[in-house]
1. Taking region 56-80 as the search range and keeping residues that are at pLDDT 95 or above and of a type in the set (D, E, K, R), which one is farthest from the chain's Cα centre (by Cα)?
2. If I ask for residues that are outside any strand (DSSP E or B), open to solvent by less than 30 Å² (accessible area, probe 1.4 Å) and either of a type in the set (Asp, Glu) or farther than 27 Å from Glu110 by Cβ (or both), which ones from region 1-24 would you list?
3. Among the residues in region 33-53, are any charged (D, E, K, R), out of contact with any Phe, Trp or Tyr (no Cβ under 7 Å at 6 or more places or on another chain) and not in a loop (DSSP other than H, G, I, E, B)?
4. Could you go through region 35-43 and let me know if any residue there is under 9 Å from the mean Cα position of the chain (by Cα) and open to solvent by less than 70 Å² (accessible area, probe 1.4 Å).
5. Please state which of the following conditions Ile27 fails to meet, knowing it meets all the rest: (1) of a type in the set (A, V, I, L, M, F, W, C); (2) open to solvent by 50 Å² or more (accessible area, probe 1.4 Å); (3) under 20 Å from Leu67 (Cβ atoms).
6. Filter region 62-71 for residues that are touching a Ser or Thr at 6+ places or on another chain (Cβ under 9 Å) and either within 18 Å of Val99 (Cβ to Cβ) or surrounded by 19 or more Cβ atoms within 10 Å (Cβ to Cβ) (or both) and give the result.
7. So how many residues does region 72-122 have that are part of a strand (DSSP E or B) and surrounded by fewer than 18 Cβ atoms within 10 Å (Cβ to Cβ)?
Amino acid sequence: MEDANLLVGTETSDDAGVYRLTDDLAIINTVDYFTPIVDDPYTFGAVAATNALSDVYSMGGVPKTALNIVYWPKDRLDLEILGEILRGGAEKVKEAGAVIVGGHTVDAPELMYGLAVTGVVHPQRIARNYGAQPGDVPGILGNLWFNQ
(Lines give C-alpha, C1' and ligand atoms only; values in the text may rest on other atoms or scores of the structure.)
Protein backbone atom coordinates (compact mmCIF):
# COMPACT_ATOMS: atom_id res chain seq x y z
CA MET A 1 0.00 0.00 0.00
CA GLU A 2 1.22 3.48 -0.77
CA ASP A 3 0.71 6.39 1.58
CA ALA A 4 2.97 9.44 1.86
CA ASN A 5 2.77 9.19 5.65
CA LEU A 6 3.97 5.58 5.78
CA LEU A 7 7.62 6.19 6.63
CA VAL A 8 8.67 2.58 7.28
CA GLY A 9 6.65 -0.30 5.87
CA THR A 10 7.18 -3.93 5.00
CA GLU A 11 9.68 -3.39 2.20
CA THR A 12 12.77 -3.13 4.44
CA SER A 13 12.09 -5.84 7.06
CA ASP A 14 12.54 -3.36 9.92
CA ASP A 15 11.37 -4.31 13.41
CA ALA A 16 8.23 -2.17 13.17
CA GLY A 17 6.18 0.06 10.92
CA VAL A 18 6.22 3.84 11.29
CA TYR A 19 3.40 6.16 10.29
CA ARG A 20 3.61 9.98 10.40
CA LEU A 21 0.69 11.69 12.15
CA THR A 22 2.06 15.25 12.07
CA ASP A 23 5.31 16.96 11.11
CA ASP A 24 6.56 16.31 14.66
CA LEU A 25 4.97 12.97 15.55
CA ALA A 26 4.94 9.47 14.13
CA ILE A 27 3.63 6.25 15.61
CA ILE A 28 5.51 2.98 15.67
CA ASN A 29 3.51 -0.25 15.45
CA THR A 30 4.87 -3.71 16.12
CA VAL A 31 3.79 -7.15 17.25
CA ASP A 32 6.02 -9.87 18.63
CA TYR A 33 5.28 -13.14 20.42
CA PHE A 34 6.79 -16.59 20.83
CA THR A 35 6.63 -19.91 22.66
CA PRO A 36 8.19 -20.25 26.13
CA ILE A 37 11.98 -20.09 26.14
CA VAL A 38 12.32 -20.52 29.92
CA ASP A 39 10.45 -22.71 32.40
CA ASP A 40 9.35 -19.99 34.83
CA PRO A 41 6.06 -18.35 33.70
CA TYR A 42 6.83 -14.93 35.20
CA THR A 43 10.25 -14.84 33.56
CA PHE A 44 8.79 -15.97 30.24
CA GLY A 45 6.27 -13.12 30.36
CA ALA A 46 8.99 -10.61 31.20
CA VAL A 47 11.28 -11.82 28.41
CA ALA A 48 8.52 -11.89 25.80
CA ALA A 49 7.34 -8.38 26.74
CA THR A 50 10.88 -7.02 26.73
CA ASN A 51 11.40 -8.51 23.29
CA ALA A 52 8.26 -6.84 21.93
CA LEU A 53 9.07 -3.49 23.56
CA SER A 54 12.58 -3.60 22.10
CA ASP A 55 11.11 -3.33 18.59
CA VAL A 56 9.95 0.21 19.40
CA TYR A 57 13.29 1.13 20.95
CA SER A 58 15.13 -0.26 17.94
CA MET A 59 13.24 2.22 15.74
CA GLY A 60 14.32 5.13 17.96
CA GLY A 61 10.97 5.45 19.69
CA VAL A 62 9.36 5.32 23.10
CA PRO A 63 6.68 2.69 23.90
CA LYS A 64 3.29 4.09 24.97
CA THR A 65 0.68 1.33 24.82
CA ALA A 66 0.64 -2.46 24.59
CA LEU A 67 -1.90 -5.19 23.93
CA ASN A 68 -1.37 -8.68 25.32
CA ILE A 69 -1.45 -11.51 22.79
CA VAL A 70 -1.98 -14.97 24.28
CA TYR A 71 -2.33 -18.36 22.64
CA TRP A 72 -3.51 -20.51 25.52
CA PRO A 73 -4.03 -24.30 25.71
CA LYS A 74 -6.84 -23.96 28.26
CA ASP A 75 -7.34 -27.70 28.71
CA ARG A 76 -3.67 -28.33 29.53
CA LEU A 77 -2.46 -25.42 31.68
CA ASP A 78 -3.64 -23.89 34.94
CA LEU A 79 -4.80 -20.26 34.81
CA GLU A 80 -2.32 -19.40 37.59
CA ILE A 81 0.42 -19.91 35.01
CA LEU A 82 -1.25 -17.40 32.71
CA GLY A 83 -1.51 -14.95 35.59
CA GLU A 84 2.24 -15.17 36.17
CA ILE A 85 3.03 -14.73 32.47
CA LEU A 86 0.83 -11.63 32.31
CA ARG A 87 2.32 -10.27 35.55
CA GLY A 88 5.84 -10.62 34.14
CA GLY A 89 4.81 -8.86 30.95
CA ALA A 90 2.91 -6.11 32.75
CA GLU A 91 5.86 -5.28 34.98
CA LYS A 92 8.14 -4.82 31.95
CA VAL A 93 5.55 -2.66 30.20
CA LYS A 94 5.24 -0.49 33.31
CA GLU A 95 9.04 -0.31 33.62
CA ALA A 96 9.13 1.01 30.03
CA GLY A 97 6.68 3.78 30.98
CA ALA A 98 3.92 2.31 28.83
CA VAL A 99 0.50 0.93 29.73
CA ILE A 100 -1.35 -2.25 28.82
CA VAL A 101 -4.66 -1.26 27.25
CA GLY A 102 -6.11 -4.73 26.67
CA GLY A 103 -5.37 -7.76 24.60
CA HIS A 104 -6.70 -10.96 23.16
CA THR A 105 -6.56 -14.61 24.14
CA VAL A 106 -7.35 -17.56 21.89
CA ASP A 107 -7.60 -21.25 22.71
CA ALA A 108 -4.66 -22.90 20.96
CA PRO A 109 -2.75 -26.17 21.12
CA GLU A 110 0.50 -24.42 22.05
CA LEU A 111 1.27 -21.60 24.49
CA MET A 112 2.52 -18.35 22.99
CA TYR A 113 2.71 -14.88 24.52
CA GLY A 114 3.75 -11.44 23.40
CA LEU A 115 2.58 -7.91 22.79
CA ALA A 116 1.39 -5.57 20.11
CA VAL A 117 3.13 -2.31 21.02
CA THR A 118 2.56 1.26 19.87
CA GLY A 119 5.24 3.87 20.41
CA VAL A 120 6.05 7.37 19.28
CA VAL A 121 9.02 8.93 17.53
CA HIS A 122 9.85 12.20 15.78
CA PRO A 123 9.62 11.50 12.04
CA GLN A 124 13.18 12.78 11.52
CA ARG A 125 14.63 10.61 14.33
CA ILE A 126 13.62 7.16 13.10
CA ALA A 127 16.32 4.53 13.48
CA ARG A 128 16.30 2.18 10.49
CA ASN A 129 18.17 -0.97 9.66
CA TYR A 130 19.21 0.38 6.27
CA GLY A 131 20.35 3.53 4.52
CA ALA A 132 23.33 4.62 6.61
CA GLN A 133 25.13 7.57 5.02
CA PRO A 134 28.44 9.27 5.86
CA GLY A 135 27.86 11.57 8.84
CA ASP A 136 24.94 9.61 10.30
CA VAL A 137 25.04 8.98 14.04
CA PRO A 138 25.11 5.34 15.27
CA GLY A 139 21.76 4.36 16.71
CA ILE A 140 20.58 2.60 19.81
CA LEU A 141 22.08 -0.77 19.04
CA GLY A 142 25.13 0.39 17.10
CA ASN A 143 24.02 -1.21 13.82
CA LEU A 144 21.04 1.11 13.26
CA TRP A 145 21.31 4.66 12.05
CA PHE A 146 19.61 7.96 12.66
CA ASN A 147 19.44 9.61 9.26
CA GLN A 148 20.30 13.27 9.63
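1. Checked region 56-80; the qualifying residue farthest from the chain's Cα centre (by Cα) is Glu80.
2. Gly9, Asp14
3. no
4. No, region 35-43 contains no residue that is under 9 Å from the mean Cα position of the chain (by Cα) and open to solvent by less than 70 Å² (accessible area, probe 1.4 Å).
5. (2)
6. The answer is Pro63, Lys64, Thr65, Ala66, Leu67, Asn68, Ile69, Val70.
7. 11
The values are calculated or read from the model by the stated rules, or taken from the named source; none is laboratory data. Because the structure is predicted, anything quoted here is derived from the model rather than measured. Backbone-built Cβ (ideal geometry, glycine too); neighbour counts: all protein chains shown. Side chains included, ligands, DNA and RNA excluded: accessible areas come from the protein's heavy atoms. Shrake-Rupley method; radii C 1.70, N 1.55, O 1.52, S 1.80 Å.
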